Amino acid sequence: MSEDLSQPGNSKGVARVRVLALVFVFLLLVMGAATAGYYWLQYAFFAPGPAQTPIRVQVDQGASVRTVLTQLAGHGALANTRAVELYLRIHGRRPKVLAGMYEIPPRASAAQILELFEQGKVILEQLTVVEGSTFADFRRELDQHAAVTHTLTGKTPAEVMAAIGHTGENPEGRFFPDTYRFAAKTTDHDILLLAYNSMQKLLETAWPQHSPNLPFDTPYQALILASIVEKETGLAAERPRIAGVFVGRLRKGMRLQSDPTVIYGLGASYDGDIRTRDLVTDTPYNTYTRAGLPPTPIALPGRESILAALHPLDTGELYFVATASGDGGHHFSKTLEEHNAAVREYLTRLRRQETGPARPAGTVAPAARPGAHGAK
């Protein structure tokens, strides 16, 4: 016999069933909404972004994730910052955003962008310090670089050395010439310190392997000689030979008679030409009037010039003069007589040419001092 649910005694059962059905439907709706919301957040986080072209964004030191997301949206790299924030909160993620300039690729997702930030894949700026340039040249490059944060502008060389922790040291020659890559807003202090440490590391590594019986006994003296070698020739193959000439002259007590040292001593008064009066006017850097090495380096020498100073080629040669070919090369001689003959040949070739050969700025042509007893 079947039960009649329409009877008053069964009304409560019917109501209970209806409530349970409504709860079930509500839960289904909630679960559906939660699932849809989850997939929406997933899509907002991993879907390609709206940017059609690369976008550069500068992230400042200490910027919060919310600040960076707002910045990205302002540049058109993100479509929905709130969805990204909610996704990160639900998943308990707190990305570490490293400061610097970033380039956001076209259509990059929020996930890809935050990965760039966490890995610190910043755009690297660069600054090239040319071998043979001076410390003053290096500072000018730093001062003019728009991506460098300038903290040392206007300070004296002594103040700069104190700022990087090397009080009392003369800065000339102590910074390694190289191409330095760095994040935008890196300070001039940090770049200088990196260049200083690079030079120190090279000297500390190379000095213990130097050739025996050199006429100097400190890495700093080797640095001084290397700077002269750097300025005397632009040909890498000549550097050990040029170093050998100067080492030979030092051993014999001969003066180096190097024009680049004279030019350095002239400082701001040097106008592009070196004259006979400059060679006889005494300064601490005039190696025509003073014996031995000058008191400091005269430039920032590169690796090859440093190695040449530490491993000079011993040929017995004591003189060299520029060749008339214009390639920056030199003719080397063991005796003064041979050297003077080379000078005369050089002058003869010059007279035969309609125009004089190109030669390094500041180099004295032998015509200015025929029969000179110098190294050149």
Work through the residues other than GLY248 whose Cβ is under 11 Å from its Cβ and net out their charges, Lys, Arg +1 and Asp, Glu -1.
+3
Full-stretch length increase - ALA79, ARG56 - with 0.36 nm per residue and alpha-carbon distance subtracted
6.6 nm
Place the peptides 66-73, 306-313 in order of packing, highest mean first, counting for every residue the other Cβ atoms within 10 Å and averaging per peptide.
306-313, 66-73
Relative to the longest principal axis of the chain, what angle (0 to 90°, nearest 10) does the C-alpha long axis of helix 219-232 take?
80 degrees
By the gyration tensor of its Cα atoms, with a ≥ b ≥ c the square roots of the eigenvalues, what is the shape of region 199-251: rounded for a/c under 1.5, prolate for a/b over b/c, or oblate?
oblate
Under 5 Å between amide H atoms, partner at least 5 residues away or on a different chain: which partners does THR323 have, H built in plane at 1.01 Å?
GLY329, HIS330, HIS331
What residues qualify as long-range amide H neighbours of GLN58, i.e. H under 5 Å apart, gap of 5 or more or another chain, H built at 1.01 Å from N?
TYR102
Helix 11-46: angle to the longest alpha-carbon principal axis of the chain, degrees 0 to 90, nearest 10?
10 degrees
Take every DSSP beta bridge with both residues inside the chain and express the antiparallel ones as a percent of the total, to the nearest 5.
95 percent
What full-extension length gain, to one decimal in nm, is calculated for TRP40 and THR283 as 0.36 nm per residue of separation minus the Cα-Cα distance?
79.7 nm
Let me check I have the definition right: for the chain, take the eigenvalues of the Cα gyration tensor, multiply each by 5, take square roots. What are those semi-axes in whole Å, largest first?
76, 20, 18
Report the residue, chosen from SER11, SER269, SER211, that carries the largest GNM mean-square fluctuation when the chain is represented by alpha-carbon nodes joined by springs under 10 Å.
SER11
What FRET efficiency, computed as 1/(1 + (r/R0)^6) with R0 = 22 Å and r the Cβ-Cβ distance, is obtained for SER325 and VAL130, rounded to the nearest 0.05?
0.40
For ALA237 paired with ARG303, estimate the spin-label separation in nm (one decimal), with each label point 7 Å from Cα along the Cα-to-Cβ line.
2.1 nm
Ranked by how many other beta carbons lie within 10 Å on average, peptides 52-58, 243-249 from highest
243-249, 52-58
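Size of the dipole of the chain about the Cα centre, Lys and Arg at +1 and Asp and Glu at -1 on the beta carbon, nothing else charged, in debye to 20?
With only Lys, Arg, Asp and Glu charged at Cβ, the dipole is about 620 debye.
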Applying the Karplus parametrisation 6.51 cos²θ - 1.76 cosθ + 1.60 with θ = phi - 60° to the phi angles of region 320-335, what ³J(HN,Hα) value in whole Hz is obtained for each residue in order, glycine and proline being reported as x?
8, 9, 4, 7, 8, 6, x, 8, x, x, 9, 9, 9, 9, 9, 10
So how tilted is helix 65-74 from the main axis of the chain? Cα-based, degrees 0 to 90, rounded to 10.
90 degrees
Rank-order 151-164, 225-238, 122-135 by packing density, defined as the average count of other C-beta atoms within 10 Å over each peptide's residues, highest first.
225-238, 122-135, 151-164
Quick check for the chain: number of Lys pairs with alpha-carbon distance under 30 Å, counting only pairs 8 or more apart or on different chains?
15
Dipole-positive endmost among PRO240, GLY272, THR179 within the chain (Cβ charges, Cα centre)
THR179
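Read the figures in this text as sums done on the coordinates, not as results from a lab. Predicted model, so just to flag it, every value in this text is computed and none were measured. Ideal geometry is used to build each Cβ from the backbone, glycine not excepted, and the neighbour counts take in all protein chains shown.
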